[in-house]
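Written below as structure tokens is the structure these notes are about.
Here, each number is a calculation from the coordinates, and none is a lab measurement. Bear in mind that the values here come from a model prediction, so they are computed numbers and not experimental data. When we count neighbours, we look across all protein chains shown, and the Cβ atoms used for this are built from the backbone with ideal geometry, even at glycine.
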Amino acid sequence: MKEILDNKVIVLPLFAWFLAQSIKFVSHFIKHGKFDFRKFVSSGGMPSSHSAISVCLATVLGIQYGFDSGIFALSVIFAFIVMADAAGVRRAAGKQAEVINKLIYSTDVKVEKELKVLLGHTPIQVFLGAALGILVGIVFAK
């Protein structure tokens with residue numbers, strides 16, 4: 001267990017994810033004046049925790065193994081896929097959920113609960129999540 005906790009390639013991306021989720025939690029509290037602990041695990045919002053965790057992983061791997069290594073290249077491609085999904089597919093799904101929710105409420109269709117709208121991220125949310133991931137990697141990886 002000690003080896004896992006000492007492994008910066010595991011710990012730092014998880015820390016970046018935690019920071020991103022904490023920012024969402026605090027900003028929700030500031031905006032609404034109430035605690036919503038679901039913000040620690042929910043998707044969507046500013047900054048993208050998916051971007052933070054994947055870009056931090058790439059940053060730490062680049063620092064540890066070299067920015068010319070195969071493992072760094074693999075992690076960069078992985079991070080781009082994650083960020084494209086967050087800003088593309090999941091964002092589109094969130095917009096579709098918003099439209100479907102409006103359609104449902106304008107009819108007599110009964111549903112258990114609304115579809116989740118905040119699935120994806122805007123490009124700025126993805127960018128700031130990536131910046132957070134890079135910052136955590138640079139500050140703590142050495």
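Values computed for the structure shown
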| item | result |
| --- | --- |
| 11 Å beta-carbon shell around residue 24, net charge (K/R +1, D/E -1) | +2 |
| Inter-label distance, nm, simple model (7 Å from Cα along the C-beta direction), residue 78/residue 41 | 2.3 nm |
| 82, 76 arranged by Cβ crowding within 10 Å, fewest neighbours leading | 76, 82 |
| Residue order, fewest to most surrounding Cβ atoms within 10 angstrom, among 43, 22, 75 | 22, 43, 75 |
| Peptide ranges 28-37, 10-19, 60-69 listed from the most packed, as the mean C-beta count within 10 angstrom indicates | 10-19, 60-69, 28-37 |
| Alpha-carbon Debye profile of segment 1-62, log10 I(q)/I(0) at 0.19, 0.20 Å⁻¹ | -0.69, -0.74 |
| Ranked list, fewest to most other Cβ atoms within 10 Å of each Cβ, for 98, 3 | 3, 98 |
